[in-house]
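The values are calculated or read from the model by the stated rules, or taken from the named source; none is laboratory data. Model, not experiment: these values are computed from the prediction. Methodologically, a virtual Cβ is constructed for each residue, glycine included, from the backbone with ideal geometry; neighbour enumeration extends over all protein chains shown. Keep in mind that these areas ignore ligands, DNA and RNA; they rest on the heavy atoms of the full protein, side chains included. Shrake-Rupley method; radii C 1.70, N 1.55, O 1.52, S 1.80 Å.
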Amino acid sequence: MLAPISDYRLRQREYLLRIAQAMTSRLDLSDLLRLVIEKAVEILNAEAGLIALREEDESPLQVYARYGLDRELLNLFTPLLAGEFLEQLVQSG
């Protein structure tokens, strides 16, 4: 039982090291965010994920990186990214 936890932690460190290396060597934010979401999905053993960011002008969140999600599926996230639920989530911290 201890071995799977050790393997998981080793993978976590490996992913974090790759991300840290990418942060210092890549100037392209899109590439970096794609790498971050790819590694996050892998380490969580998930099927898909996305990174959405908001500009300083309080506009709705925009998807900057995705992994495992077809472009057609992104439309399903529009209400979540722009709706009142998100505002409540942000305000609650």
Give a residue-ordered list of calculated ³J(HN,Hα) values for the stretch 66-75 (Karplus: 6.51 cos²θ - 1.76 cosθ + 1.60, θ = phi - 60°; whole Hz; x for Gly, Pro).
-> 9, 9, x, 10, 6, 4, 4, 6, 4, 4
What figure in square angstrom, to the nearest 10, would you give for the accessible area of Arg34 with a 1.4 Å probe?
-> 110
Paramagnetic reach from Leu76 (point 7 Å along Cα→Cβ, amide N under 20 Å) across the stretch 31-61 = 37-38, 41-42, 44-53, 61
